[in-house]
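Bear in mind that the values in this text are calculations on the coordinates, not laboratory data. These figures come from a predicted structure and were not determined experimentally. Every residue, glycine among them, receives a Cβ derived from its backbone with ideal geometry; neighbour counts consider all protein chains shown.
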Amino acid sequence: MADRTISGHWEGDLICGSKNSQIVTLGERHSRYVMLAKVNDRKSESVVTALIKQAKKLPTELYKSLTLDRGSEFADHPRLKTEANIDVYFCDPNSPWQRGTNENTNRLLRQYFPKGTDLSVHSQSKLSAVARQLNERPRKTFAYETPAQELMRMLCRPVERKPQMYILNSK
């Protein structure tokens, strides 16, 4: 999805550390809002379970689609589509620019979790605190407002309704 003006479209990935440790990362394309989830292994069942758990924290209007890379950790994606009621897409092979929000997010996360470090030592509460720091970091793209403020703005927008059409019986 090329249009960042529409909210509810996410990009996901896994960042890896030493000792077979991983963190699931999610970034919302419009607001750049970040969510992180601790996983114990790289197995698809574990990763997709973490994605489903994160999805259930959001209102359905803010979780419409998720774009992932083609890693084997996302092989259980049909369960994600079914249980989280989300459309799942995959970027083309060797095309990280198709998930630019997530690539940028992962770059920012490396300030907190350097490459080669053991990610399993971090609790979910630590991951949530890091996500909160990123979500409260002002962004130039939002006139120095934060992703958290932009997400709240998205939640508070009135729902646009299509005008009702009434067909009158002409008898």
Query raised in the report: Can you list the residues, at least 5 places off or on another chain, whose amide H is less than 5 Å from the amide H of Phe90, using H built in the peptide plane?
Result: Leu68
Query - Per-peptide average of other Cβ atoms within 10 Å, ordering 90-96, 12-18, 69-75 highest first - result: 12-18, 69-75, 90-96
Report task. Search the structure for amide H atoms under 5 Å from the amide H of Thr117, placed 1.01 Å from N in the peptide plane, and list their residues when 5 or more places away or on another chain. Result -> Ser18
Query raised in the report: Along the charge dipole of the chain, which of Thr49, Gly8, Phe113 sits closest to the positive end, that is, farthest toward it, with unit charges on the beta carbon of Lys, Arg, Asp and Glu (+1, +1, -1, -1)?
Result: Gly8
Requested in this report: Find the percent of Cα-Cα distances in the chain that exceed 23 Å, and round it to a whole number.
Outcome: 41
